[in-house]
Amino acid sequence: MAFSMLQLFLLGALGPRLVDELDISPTVLGLTTTIGFGTAAVLSPVGGRIVDRVGPRRALAALLLLSAVALGLIGAAPGAGFLLAAVALGGLPQALANPATNKAILAAVEPARRGAVTGMKQSGVQLGAFAAGLPLAALAGGIGWRGAVWTAAGAAVATAGWALRALPADPPARPGAGPGAAVVPRGAIAWLTVFSLFLGCGIASVNTYLALYGAHRLDLGPGAAGALVAVLGVAGVVGRVAWSRAATPGRAEWLPGGLAAGAVGAAVLLAGAAAVGPLVWPGAVAVGVFAVSANAVSMVLVMQRAAPGRAGQDSALVSAGFFTGFAVGPPLFGLLASAGHYGWGWALVAAEFAAASAVGVGWAVRGRWRPEGR
């Protein structure tokens, strides 16, 4: 999970360096997220069906190798066009990540432990944020941002080798689902998809622009600006593990709306940092504890309600909503950031989190949750 999204955390944490060295605008920086997650959103339904067909071990090895190639190309990018093409390639492993890891958990973990294990698994994404914001950002200060990105690519290759040796063998590949297989979310999966769409809009804007906001508006140095992403990552790890453990049937249904409501407060803190600079740090923590954790809870809910044989496909459909939000949110924020209107940008993020909360709370209140997940 860490490697599936590492490229985008790196682009956010190293954003000040990329904007200066490659002479790209904040809007173009936002387009990296749009292209990466737009690719992932389009390919997610197909990726879910591939995982259901070939098994999680082969899918995990493939996504790690694809991540390594994408990171290697990002490190070699001479300008904006090449950078955006490399990021598009990085959308492929993102499309495979949740279906493959969820399928592995369903196959290997007893039901009583799946919530906790899913939280640990989802926290891998925030481990990637921590790695991008602290050790890799610090490494960039010594060997340059390209060297830091290539180091991450080498680590992805090594992890692919470990996955092939350590994970249990997949069952024989089976034929794919027929043309009548559903590729449109329904019932509980549809609600989670819409919730994830709004949540993804807000999270992606924070991931992409938090470091740039710290450097350009709050006068933080590149190291401190990158540390904001690391702080968000650590808070997300703790929040995802804790809230996923709490997501037991009967309680889990209420968590998405409540966590998204808490994320609204996080956006307010980030906006307030323009006047009171230190508020940016608790704001980053709150984004991790509330917004980022809500995505992990949504994955727990998918696994609790996935139809037999469709865990990969249902995970992919919800992920597609999340990735679509990641594609839509940053360009809108980028237009405001390029005009110097960070305050309005954080107001937009707060509105996106509020919309996610309304979907989650409305769903729970109406009693639309059904055990079979349809």
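Please treat every number below as a calculation from the coordinates, not as lab data. All values reported here derive from a predicted model rather than from experimental measurement. Cβ atoms come from the backbone with ideal geometry, glycine included; neighbour counts cover every protein chain shown.
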Need the C-alpha centroid separation for segment 197-248 versus segment 153-171, integer Å.
28
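With Kirkwood's inverse mean 1/r over C-alpha pairs for Rh, give me the Rg to Rh ratio of segment 29-170, two decimals please. Please report the intermediate quantities before stating the final value.
Numbers: Rg = 15.8 Å, Rh = 16.0 Å.
Using Cα coordinates only, the ratio equals 0.99.
Treating only the Cβ atoms of Lys and Arg (+1) and Asp and Glu (-1) as charged, compute the dipole magnitude of the chain about its Cα centre; round to the nearest 20 debye. Mind showing how you got there, number by number?
On the way: 23 positive and 11 negative charges, 256 e Å.
Approximately 1240 debye in magnitude.
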Computed from the beta carbon distance with a Förster radius of 22 Å, FRET efficiency for THR151 and LEU22 to the nearest 0.05 stands at 0.70
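In what sequence, highest mean first, do 297-304, 106-113 appear when ranked by Cβ atoms within 10 angstrom?
Values: 297-304: 25.9, 106-113: 11.8.
Peptide ranking by packing, descending: 297-304, 106-113.
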